[in-house]
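Colleague: Here you go, one structure.
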Amino acid sequence: MSNLRYLLAAIRKDIGRILKDPLGILLWLCMPVMVGVLVNLAFGGGDGETPTAELLIADEDNSLLSGLLTGGFGQGEMAELIHTRAVTRAEGEREIYRGRATALLVIPEGFGDSFLNGEQDTLSLLTNPSQTILPGIVEEILEIMTTGGGLLREFLGPQIDLIASGEETGEDLLADQTVAGMAVDINNLMEGAGTWLFPPAIAFQNISVDTTAVTEAETGMVAEEEKTLLWYFFPSLLTLLLIFSGMTFSSDIWEERRAGTLRRGLSVPFPMRWMILGKFLAASLIIVTVILMAAAFGRFVLNLPHYSWLAGALFLALTGATLVAGMTALQVLFRTERGASIVVMFFVMVMMFGGGSFFPLEAMPGFLQRIAVYLPNGWALTHYKSVIDGHSAAGELLLPAIILISVFILCWTFCSWQIARRWGSDPS
């Protein structure tokens, strides 16, 4: 009973010390929040709207073919991606230079005649240098359309030549025999290509899955369309919070050493391990409170579809407590605070960038994803995401939790032994 009272007194002492320095807590709380805000802004503020390109078209030809070309940008899903507006060349150039549009397409006079006559002509595309992705999309679509037009001209060359010859002689309508001959020629061309077109050389099978009988609640998994950028990034921010808390709370051991608390702890009739356990449990109480609040905020305020969020949050809190114990074990390996800080900072950077805390695991290259599961935060993140995604039941966190508790006990034992043997008795 006396050991328990001593442990509770150690916990109260450390919680009081932590709360006397709220700036330190706010620092490691704000860092993940700042990262999340920056990522959210970088990806458009998280409003989920598809960016639209503003394409200005200066049609100086005003022919049937130029109309077909410009009308192609307004078909189907392309109309949702590219908004077109007719302008003159001078107006379009002014809009581009002022950064008010994505690109300016200039269709020169005589474009339709050049196409019908099989002559080469040039379309001009002036893009906005302040934009990076949308101008490239417009350029790729225009290249596909012009390439398709060129192939069509080659495929139906003789028939198009007949139409062009009629326009040159001033004939509004072609003779019936000419029209019939064109129809026969086109039919022969289609029969010649029938080996590839009927059936096509590449066949697509459209598979429809009946999801009406199985609801999301029955499958117990988050649907892919519900996984927003924030869904992928939020768990990473939580582990980033754990890393910063581990670094902050583990470095407190040096303050205890400078204050002489560790030397005085060796003189009391209680083993050093109870004092160290009190420090770890005090940090763990702070961590579990913060993680539970953050997880509840994500689930109920941000409406993230997290299944078993409470079990997942408790598992992350246990991970945070183990990180505190592990980083403290690293700290007490060294006799100087400078050496310990360098090693701990290196370990933190490796976890942040390699374990999926700074970038979501899904956004990392395949070889880094395979490495990430061997880092503490990446390993914990994998189990956590599997549960909140619904792929695993909450009970499957039991074995990983036992592993974390075992590591916690090993680090606690080592820290107690190291401090009692050398660290606490060393006055330096």
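Colleague: With respect to L81, is the statement that it is within 15 Å of L56 (Cβ to Cβ) and either free of Cβ contacts under 8 Å to residues at least 40 places away in the same chain or not polar (S, T, N, Q) (or both) true? Steps first, answer last, please.
Modeller: Numbers: within 15 Å of L56 (Cβ to Cβ): no; either free of Cβ contacts under 8 Å to residues at least 40 places away in the same chain or not polar (S, T, N, Q) (or both): yes.
Against the criterion (within 15 Å of L56 (Cβ to Cβ) and either free of Cβ contacts under 8 Å to residues at least 40 places away in the same chain or not polar (S, T, N, Q) (or both)), L81 does not qualify.
Colleague: Residues that are within 15 Å of L126 (Cβ to Cβ) and touching a helix residue (DSSP H, G or I) at 6+ places or on another chain (Cβ under 8 Å): find the helices (runs of 4 or more DSSP H) completely inside the stretch 57-108 holding 1 or more of those. Talk me through it step by step, then tell me what you get.
Modeller: Values: elements: 64-71, 78-81, 89-97.
Of the helices (runs of 4 or more DSSP H) lying wholly inside the stretch 57-108, none has at least 1 residues that are within 15 Å of L126 (Cβ to Cβ) and touching a helix residue (DSSP H, G or I) at 6+ places or on another chain (Cβ under 8 Å).
Colleague: Can you tell me which residue among A311, A380, A363, A340 is surrounded by 22 or more Cβ atoms within 10 Å (Cβ to Cβ), touching a residue at least 12 places away in the same chain (Cβ under 8 Å) and among the small types (G, A, S)?
Modeller: Values: A311 fails: surrounded by 22 or more Cβ atoms within 10 Å (Cβ to Cβ); A363 fails: surrounded by 22 or more Cβ atoms within 10 Å (Cβ to Cβ); A340 fails: surrounded by 22 or more Cβ atoms within 10 Å (Cβ to Cβ).
Going through A311, A380, A363, A340 in turn, the sole match is A380.
Colleague: Further question: Could you list all residues from the stretch 350-408 that are over 20 Å from L230 (Cβ atoms), β-branched (V, I, T) and part of a helix (DSSP H, G or I)?
Modeller: Passing the criteria: V350, I371, I402, I403, I405, V407.
Here, each number is a calculation from the coordinates, and none is a lab measurement. Predicted model only: the values in this text are computed from it and were never measured. Cβ atoms come from the backbone with ideal geometry, glycine included; neighbour counts cover every protein chain shown.
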